[in-house]
Ligand code: AMP
């Protein structure tokens, strides 16, 4: 596995790969890698000749400086895992390499970022958009892989690519979970054993809600019941529970004409902010 920290070196290597007609796949991450990331990596390896992982804890996408300071960093372990799992190249730049100066350009998604994560983490998606725009420009991947765990991110990245005409296919990969249903996340490292027990209730609530959606309980009822369920769990503080249209991200009032829907939750357990969602295609 090639390890690169400098953009100029990276450009040279990727130019050589492209000259050999290799297809390039990209898995952008913030490190502290887990099985969720590795599923993205495996999919990328299966669909591309050359797999690139990036590890960069992007300061611009943290609206809370404490969250940035506490974000887990396990670089040595991550590099070893990536190598073992057959990643071709890892790019793990220093902050100054990506942001030699504080950027003045900002990418804003309008209504699509005034809801869910965007509403509760002001500026988050502007940071995400900026770093991905840079990575897409620099690496020019054929495909880039994103987890549906960060559903709003996936949907906004697809819009970013469409609106800015990047030649990259954005591939969404279903959420990878622990056996007990807890969505894997680097942030889970900060939870105690009992915190994990509380956190797994997030997915339990979503599964129960899924059955009710399939029975076509009203959106209002679904959200009310789910909030009640979460509020009854000691140690779980919900930030939001929203049922939205999976395309526009607008709050869902009824099921008529809806193709995809997303039931999204953000909550704190032991001071750690966790998100999860149910992304469902409605057949009729
Ligand atoms: P992060 O390092 O948290 O920025 O995540 C990097 C990529 O891995 C993002 O596209 C995430 O959506 C994805 N990812 C993180 N956790 C999971 C998971 N449990 N299942 C699937 N994808 C995930």
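Since every read-out is calculated from the coordinates, none of them should be taken as a lab result. These numbers come from a predicted model, not from an experiment.
The angle separating the long axis of helix 151-163 from the principal Cα axis of greatest extent in the chain is about 50 degrees. Structural size metrics of the range 141-284, computed from C-alpha coordinates, are Rg and Dmax of 15.9, 47 Å. Taking every alpha-carbon pair under 8 Å whose residues sit at least 6 apart, the chain reaches a relative contact order of 17 percent. Only Cα pairs under 8 Å and 6+ residues apart enter the sum, and on that basis the relative contact order of the range 144-284 stands at 21 percent.
Entry note, the range 211-284: relative contact order of 26 percent, from Cα contacts under 8 Å with a spacing of 6+ residues.
What is the helix-to-structure angle for 75-84, meaning the angle in degrees between its Cα long axis and the longest Cα principal axis of the chain, kept from 0 to 90 and rounded to the nearest 10? Tilt relative to the chain: about 80 degrees. On the principal axes of its alpha carbon atoms, the chain extends 56, 42, 38 Å, with the longest extent given first. Of all DSSP bridge pairs formed entirely within the chain, close to 50 percent run antiparallel.
Distance between Cα centroids, the range 184-236 to the range 29-85: provide it in whole Å. Rounded to whole Å, the Cα centres lie 26 Å apart. Can you tell me the orientation of helix 219-231 relative to the chain, as the angle in degrees between its alpha-carbon axis and the longest Cα principal axis, to the nearest 10? Between the helix axis and the principal axis of the chain, the angle is about 80 degrees.
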